[in-house]
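Report on the structure given below.
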Amino acid sequence: MSEPVSSIRNLGPAMDAACAKAGIHDAETVRSLGADETYARLLRTGVRPHFIGYYVLVMGLQGRPWNDCKGDEKKALRKRFDAIKAQAFDKDLSAFERTLNEIGVIAKP
């Protein structure tokens with residue numbers, strides 16, 4: 001039996017729901033995708049980008065408390081977050097278009 005996404009440290013039911021919407025249904029998939037790809041998939045389904053959400057995921061996959069990220073490490077994560085956001089989040093995509101994309105009606109570039 002697979003573990004829910006929320007079994008990863010720092011993550012809860014909201015992350016279970018967001019990941020399910022992105023087609024990620026268990027903790028093992030999150031671990032195999034890694035934080036960057038998991039977060040990119042969340043953004044592609046319309047999750048609003050939020051730096052804290054990203055680094056909470058990174059810290060959780062490392063088994064660390066969410067607030068353990070500081071200094072240069074946090075700055076480096078911010079750069080990764082910004083790159084993921086630029087690549088995966090379309091702020092102009094309407095909710096309707098997102099839904100069509102999710103069910104495969106709109107071809108992905």
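A few points about this structure:
- Segment 1-88, relative contact order in percent, only Cα pairs under 8 angstrom and at least six apart counted: 31 percent
- A full extension of the chain between Gln62 and Ala14 corresponds to an added length of 15.3 nm, given 0.36 nm per residue minus the alpha carbon distance.
- Rounded FRET efficiency, nearest 0.05, which uses the C-beta distance separating Met1 from Asp90 and R0 of 35 Å: 0.45
- Residue-span extension gain [Phe51 to Arg78] - 0.36 nm each, minus C-alpha spacing: 9.0 nm
- Hydrodynamic radius of segment 24-95 per Kirkwood, over alpha carbon pairs, in Å: 12.6 Å
Here, each number is a calculation from the coordinates, and none is a lab measurement. Remember, it's a predicted structure, so these values are computed and weren't measured experimentally. Positions of Cβ are generated from backbone atoms using ideal geometry, with glycine treated the same way; all protein chains shown enter the neighbour counts.
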